[in-house]
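Colleague: Here it is, the structure, as structure tokens.
The values are calculated or read from the model by the stated rules, or taken from the named source; none is laboratory data. Just so we're clear, the structure is a prediction, and the values are computed from it rather than from any experiment. Here the Cβ positions follow ideal geometry from the backbone for every residue, glycine too, while neighbour counts run over all protein chains shown. For accessibility, only protein heavy atoms count, side chains too; no ligands or nucleic acids. Shrake-Rupley method; radii C 1.70, N 1.55, O 1.52, S 1.80 Å.
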Amino acid sequence: MIPFVDLKAQFASIKDDILNALNQVIDESAFIKGRFVERFEMEFANKCKVKHCIGVANGTDALFIVLKMLGIGEGDEVITTAMSWISTSETISLTGAKPVFVDVDDYFTIDADKIEAKITSRTKAIIPVHLYGQPADMKKIVGICDKHSLLMVEDCAQAHFATFDGKTVANFGVAGTFSFYPGKNLGAYGDAGAIVTNDNNLAEKFRMFANHGALKKHNHLMEGVNSRLDGMQAAILSVKLKHIDQWNKQRMENASYYFEKLQGMPYVKPPLVRGCVEHVFHVYCVLAEDRERLQLYLRSKGIETAIHYPTPLPFLPAYSRLGHVPHDFPVAYSRMGKLLSLPMYPELGKPDIEYITENICNFYKQHQW
Ligand SMILES: *Cc1c(COP(=O)(O)O)cnc(C)c1O
């Protein structure tokens with residue numbers, strides 16, 4: 001049996017450190033705020049090479065808080081990609097603004113060449129998503145933002161420490177948002193998230209809004225939300241942060257091995273990687289013909305797969321009000337039936353990848369493609 005992700009294997013490798021860290025938090029009753037949160041925020045900011053990190057309750061809140069504090073709301077438009085998890089567009093709508101979707105490029109990220117056609121006088125910001133762990137085209141998108149005076153917020157939920165032109169993600173816009181959902185490359189043992197920024201003023205606003213509009217107790221300068229990273233999650237994340245480079249490296253090695261085994265196979269296309277990036281492979285998504293039957297076949301062989309995501313955002317019932325049709329997003333549309341995410345995690349071994357790719361090969365042979 002090869003699971004899609006294996007959080008148990010990772011826990012087994014760091015069990016003592018995690019349990020010690022949790023013991024400390026509980027001993028000190030440092031559940032909300034406190035030194036474990038402060039320490040993780042500092043460590044994470046340093047590792048992202050940014051000045052500030054604000055721990056929040058999850059990656060969705062991170063996006064919402066950033067958009068709110070950038071003053072985005074009713075009457076504004078925010079451009080984002082047709083392919084992402086719904087948090088990216090949901091939080092735009094939550095502020096009162098309108099999500100404006102753009103089709104994807106060959107790398108499953110927002111097609112920078114199709115952005116300018118969507119810019120109007122109401123456009124305030126662009127949210128590129130570094131989907132599956134691969135940075136979007138930061139060079140072109142930064143250029144577009146400069147030219148049209150737009151804000152850029154990077155959704156880094158799937159791309160902890162990925163790089164573009166040698167620069168770590170979350171360093172290209174006004175702020176970067178992260179999720180530490182358990183299955184993410186850096187995952188907590190529950191919900192958790194963070195915002196990073198180099199802007200002192202914004203950092204203070206984010207922190208204030210996330211804590212009921214107060215920096216000092218009972219001094220509420222505005223209304224906000226309750227969205228905090230808790231002490232136990234922070235302590236767990238500090239332990240795991242020490243291993244993230246190694247884990248990302250193992251993911252990249254697994255991706256290379258998948259590529260070696262899959263390249264040249266007809267009917268299944270391994271993902272393309274930009275020449276100038278370090279792709280951290282949160283998800284290893286291939287394009288497969290006859291996907292439904294392949295997925296069932298792999299399941300019968302004990303191989304779990306997943307689909308990220310079955311329906312591009314503009315075609316979800318949640319956005320029927322926008323009235324989109326398939327030819328608005330031809331690339332996302334033509335790929336939606338072929339996306340298949342293969343097992344990917346640091347502890348996945350070469351024999352596992354051999355077993356998976358052999359079975360993919362067998363499937364297409366048996367079905368006489
Ligand atoms: C996981 C994810 C989020 C949201 O994170 P949560 O912590 O689950 O709220 C946002 N954007 C993308 C692209 C994600 O993958």
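Colleague: What are the residues whose amide H is under 5 Å from the amide H of residue 56, where those residues sit 5 or more places off or on another chain and H is modelled from the backbone?
Modeller: Sorted by chain and number, the residues that satisfy this are 193, 194, 195, 229.
Colleague: Tell me the relative contact order for the chain as a rounded percent, counting alpha carbon contacts under 8 Å between residues six or more apart.
Modeller: 21
Colleague: Quick one: which residues, 5 or more positions from residue 161 or on another chain, have an amide H under 5 Å from its amide H? H modelled 1.01 Å from N in the peptide plane, none for Pro or chain starts.
Modeller: Amide H neighbours of residue 161: 169.
Colleague: Sticking with this one: Return the Rg/Rh ratio of the chain with Cα-based radii and a Kirkwood Rh.
Modeller: When Rh is taken as the Kirkwood radius, the ratio is 0.98.
Colleague: On to the next question. How many percent of the accessible area of region 153-223 is carbon or sulfur, using a 1.4 Å probe?
Modeller: Ligands and nucleic acids excluded, carbon and sulfur reach 48 percent.
Colleague: So, one more: In whole percent, how big is the carbon plus sulfur part of the accessible area of region 308-369, probe 1.4 Å, protein atoms only?
Modeller: Carbon and sulfur atoms account for 55 percent of the accessible area of region 308-369.
Colleague: Rolling a 1.4 Å sphere over the protein heavy atoms, what is the accessible area per residue of region 197-337, to the nearest Å²?
Modeller: 50
Colleague: Name the residue farthest towards the positive end of the dipole of the chain from the options 81, 367, 237, assuming +1 on Cβ of Lys and Arg, -1 on Cβ of Asp and Glu, about the Cα centre.
Modeller: Among 81, 367, 237, the one farthest towards the positive end of the dipole of the chain is 237.
Colleague: Explain nothing, just compute: Karplus ³J(HN,Hα) = 6.51 cos²θ - 1.76 cosθ + 1.60, θ = phi - 60°, for every residue of region 327-336 in order, whole Hz, x for Gly and Pro.
Modeller: Ordered by residue, 3J(HN,Hα) equals 6, 5, 9, x, 6, 4, 5, 6, 8, 4 Hz.
Colleague: For region 71-134 and region 210-253, write down the distance between their C-alpha centroids in whole Å.
Modeller: Here the answer is 25 Å between Cα centres.
Colleague: What list of ³J(HN,Hα) couplings, whole Hz, do you get for region 306-318 from phi and the Karplus terms 6.51, -1.76, 1.60, once you set θ to phi - 60° and write x for glycine and proline?
Modeller: With coefficients 6.51, -1.76 and 1.60, one gets 8, 10, 10, 10, x, 10, x, 3, x, 9, 6, x, 4 Hz.
Colleague: Let me ask you something else. Cβ under 14 Å from residue 335's Cβ, residue 335 left aside: what net charge do those residues give with Lys, Arg +1 and Asp, Glu -1?
Modeller: So the environment of residue 335 carries a net charge of -2.
Colleague: Also, I was wondering about something else. Accessible area per residue for region 1-148 in Å², computed with a 1.4 Å probe and the full protein assembly in place, what is it?
Modeller: 43
Colleague: Another one. Order of 303-309, 228-234, 360-366 by packing, highest average Cβ count within 10 Å first?
Modeller: 228-234, 303-309, 360-366
Colleague: Which ³J(HN,Hα) values in Hz, rounded to whole numbers, follow from the phi angles of region 101-117 under the Karplus curve 6.51 cos²θ - 1.76 cosθ + 1.60, where θ = phi - 60° and Gly and Pro get x?
Modeller: Calculated HN-Hα couplings, in order: 8, 10, 5, 9, 9, 5, 9, 6, 10, 3, 7, 4, 6, 9, 6, 4, 5 Hz.
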